[in-house]
Amino acid sequence: MTLGPLPHMTPKTIGSLQVFACVDSAGPTRLPSELLKNVPAEATAPEWLAPYLAADGRMIMAYQSFVLKLGARVIVVDCAVGEDGNFPARPDWHEKKSNWLAHLGLAGVTPDQVDTVFLTHLHMDHTGWLTRKNAGEWVPTFPNARHLVSQIEFDFWTTRHQEFPYMSTSIPDSVAPAADAGLIEIVVPGAAIAEGLQVVDLAGHSPGMIGLEYTEGGSVLAAFNADLMHHPFQLAHPQCPTLFCSDPDAAIETRRAKLAQYADARTVMFNNHFPGECAGRAVRAGDGYQFVPSD
């Protein structure tokens, strides 16, 4: 993974909510046709997508988490790739180091101060920092935090992860130690995890994927989207699921519904895999949307 300066979201304040990003890595990954299905043969990238594409057409993506401060609460949303992980199929991740913890410190937070870890889903690039290696053993990074996940997600990946080679040993290395320590708790869509922060169903990309919406005065001001979109290309082309979606049709339906809702409400969306200023709004453009980063 890249160390040193990285494209990075500036801290955001939305109502009473403060949001910071902790980045593991960012850079060019794959061509849209190498990650996404249903890419039109004649698809052209609108001008606004240029900052999110490398010169050779590869999508620039990030792997990151969000730190939420709300009153006295400190919540981490997803745990990125981590470091020292066993990912032989991904040389850019395999046993590499990261400055994610430094970004946590820049948010004014230590691991012991985190009271909640919210896991949108259990793919390996969202669970890595659940644990750290200590004397050769994987130990929980956030010993004082409730670790929230949906029942469907937890049951599916803890019993079937070996069927998916890309998951490598992420479940036994990252998720199991937290479960063994009694830190995992089940949460359901509709539940409030803090004042104004409600769990929403985003199933499709992963069987039990969930997200968070932050509401004040009856309006959804912010949304934490998990992998609703992996790249801004999917705003321009909402019909494109990824090769990794467990239910591609449900993923498309969920994305279309949420983009329409958030565009109408002018909700600020926080997107795990968008590089740099990853918080922004969806604005209707033709048959899709344009992503407009927030200041």
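Bear in mind these aren't lab numbers, they're just calculated from the coordinates by the rules spelled out. Just so you know, these numbers come straight off a predicted model, no measurement behind them. Cβ atoms come from the backbone with ideal geometry, glycine included; neighbour counts cover every protein chain shown.
Just one of (1) without any contact (Cβ under 8 Å) to a residue 24 or more places away in the chain; (2) hydrophobic (A, V, I, L, M, F, W, C); (3) within 21 Å of residue 197 (Cα to Cα) fails for residue 79. It is (1).
For residues in region 136-172 being polar (S, T, N, Q) and without any contact (Cβ under 8 Å) to a residue 12 or more places away in the chain, which is farthest from residue 115 (Cα to Cα)? Before the answer, list the steps.
Narrowing region 136-172 to residues polar (S, T, N, Q): 141, 144, 150-151, 158-159, 162, 168-170.
In the following step, the residues that additionally are without any contact (Cβ under 8 Å) to a residue 12 or more places away in the chain were identified as 159, 162.
Details: 159: 27, 162: 30 Å.
Applying the filter and picking the extreme gives 162.
Between 68, 6, which is touching a residue at least 12 places away in the same chain (Cβ under 8 Å) and either outside any loop (DSSP other than H, G, I, E, B) or touching a Gly at 6+ places or on another chain (Cβ under 6 Å) (or both)?
Working: 6 fails: either outside any loop (DSSP other than H, G, I, E, B) or touching a Gly at 6+ places or on another chain (Cβ under 6 Å) (or both).
Exactly one of 68, 6 is touching a residue at least 12 places away in the same chain (Cβ under 8 Å) and either outside any loop (DSSP other than H, G, I, E, B) or touching a Gly at 6+ places or on another chain (Cβ under 6 Å) (or both), namely 68.
Consider residue 48 carefully, then state whether it is more than 25 Å from residue 200 (Cα to Cα), in contact (Cβ under 8 Å) with a residue 24 or more places away in the chain and touching an Asp or Glu at 6+ places or on another chain (Cβ under 7 Å). No; evaluated as a whole, the condition is false for this residue. The set of residues in region 116-148 that are under 16 Å from residue 78 (Cα atoms), in contact with a strand residue (DSSP E or B) (Cβ under 6 Å, 6 or more places away or on another chain) and either loosely packed, with under 15 Cβ neighbours inside 10 Å or of a type in the set (Phe, Trp, Tyr) (or both) comprises 118, 142. When region 209-225 is filtered for residues that are under 14 Å from the mean Cα position of the chain (by Cα), assigned to a loop (DSSP other than H, G, I, E, B) and over 17 Å from residue 18 (Cα atoms), only 209 remains.
Which of the residues belonging to region 115-146 are over 15 Å from the mean Cα position of the chain (by Cα) and closer than 17 Å to residue 212 by Cα? Steps first, answer last, please.
Residues of region 115-146 over 15 Å from the mean Cα position of the chain (by Cα): 115-116, 131-146.
Passing the criteria: 115, 116, 146.
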